[in-house]
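Take a look at the structure below.
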Amino acid sequence: MAKRRLRTGPTAAVPAKPAQAELLRLVRLADPKARLDGDDIVATDVRVHAPVEAEPELTGGVLEKVWAVRVSAEGPLPLNYFDRYLAEGLAFRLGGLAICRGEVSDPADDDQGGPAVILPVRPAPQELSPHLAQEEDGPAFTAGDIKAVLVPQAGQPPAAEELLPFATELTAIELRGAEPVKLGALALELAESLNGIAVDRWRFRIDAAEDLVAPERPAAE
């Protein structure tokens, strides 16, 4: 099979070819309305192209085998960098690397942010008190070694679309610190209690705390 070089678009470079059904399942975590279009997947403002085998040089030799899943804009540029976040989120869940504007990054690096809970309304402190303690000198909250901050949710992530009939401005509880499973468990707990949606940092919906743990990646020989 001839290998192809990719020219444009954020790309998930992954070590094994994902099945179309699995790729669709993952994309639907970011956009529940994503649908198949031939070999590709169409989501909000973007097209996720069918995986193609690529040269290992695409990742600087980090991966011995490379399958590239390119994300391109459909029409105007996607809002809120949805194309880049989609590529990075797919790379994370498939044990790969993300490529954007010629730069390779590892989405498994845990210093780039944590999960969040998206809510239709900003919760009152008493609603958070069963789960979080408010710091005395600021707007932040804590739960052990986890810090939580309430911020306006930038844009309207497709994963949170079901909340939008009830609100036009969403609130995000951003969670930082601790290890991924603890963060995921708290995110799911808050989402259940406050009628919100737990998402990872790329705004993919999470259904289990373990969704925040990167799968093991095969090392290049």
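Annotations for the structure displayed:
- As a ratio to 2.2 N^0.38 Å, the alpha-carbon radius of gyration computed for region 59-126 takes the value 1.42.
- Mean residue ellipticity (222 nm) of the chain, computed from DSSP H runs ≥ 4 via -39,500 (n - 2.57), nearest 500: -5500 deg cm²/dmol
- Region 174-221 - Kirkwood radius from inverse mean 1/r over Cα pairs (Å): 11.6
- From phi via Karplus (6.51, -1.76, 1.60), per-residue ³J(HN,Hα) for region 151-163 in Hz, x at Gly/Pro: 9, x, 6, 5, x, 10, x, x, 5, 9, 4, 5, 7
- At full extension, GLN20 and ARG217 could sit 68.9 nm farther apart than now, given 0.36 nm per residue minus the alpha carbon distance.
- Anchor LYS33: aspartates and glutamates whose Cα lies under 14 Å away (excluding residues fewer than 8 positions away in-chain): ASP45, GLU161, GLU162
- Placing +1 on the Cβ of every Lys and Arg and -1 on the Cβ of every Asp and Glu, with no other charges, gives region 1-152 a dipole of roughly 760 debye about its Cα centre.
- Between VAL46 and GLU74, the built amide H atoms are under 5 Å apart, and every one of these is 5 or more places off in sequence or on another chain.
- Selected from GLY177, ALA143, ILE206, residue furthest toward positive end of dipole (the chain; charges at beta carbon): ILE206
- Protein heavy-atom accessible surface, 1.4 Å probe, per residue over the chain: 52 Å².
- Considering only the Cα atoms of region 84-168, their convex hull presents on average a projected area of 7.7 nm².
- A simple count of charges around ALA160, restricted to other residues whose Cβ falls under 10 Å of its Cβ and scoring Lys, Arg +1 and Asp, Glu -1, yields 0.
- Positive-end extreme of charge dipole, the chain - chosen from PRO107, GLY96, PRO18 (charges on Cβ): PRO18
- Calculated on the alpha-carbon coordinates, the convex hull of the chain measures out at 129 cubic angstrom per residue.
- Extension gain for the segment VAL149 to LEU79, taken as residue separation times 0.36 nm less the Cα-Cα distance, is 22.8 nm to one decimal.
- Label point at ARG176 placed 7 Å out along Cα→Cβ; residues across region 83-124 whose backbone nitrogen lies under 14 Å: 110-116
- In a reduced charge model with +1 at each Lys and Arg Cβ and -1 at each Asp and Glu Cβ, region 87-217 shows a dipole moment near 300 debye about its Cα centre.
The values are calculated or read from the model by the stated rules, or taken from the named source; none is laboratory data. As the structure is a prediction and not an experimental result, all values here were calculated from the model. Because the Cβ atoms are built from the backbone with ideal geometry, glycine has one as well, and the counts that use them run over all protein chains shown. What goes into the accessible areas is simple: the full protein's heavy atoms, side chains included, and nothing from ligands, DNA or RNA. Shrake-Rupley method; radii C 1.70, N 1.55, O 1.52, S 1.80 Å.
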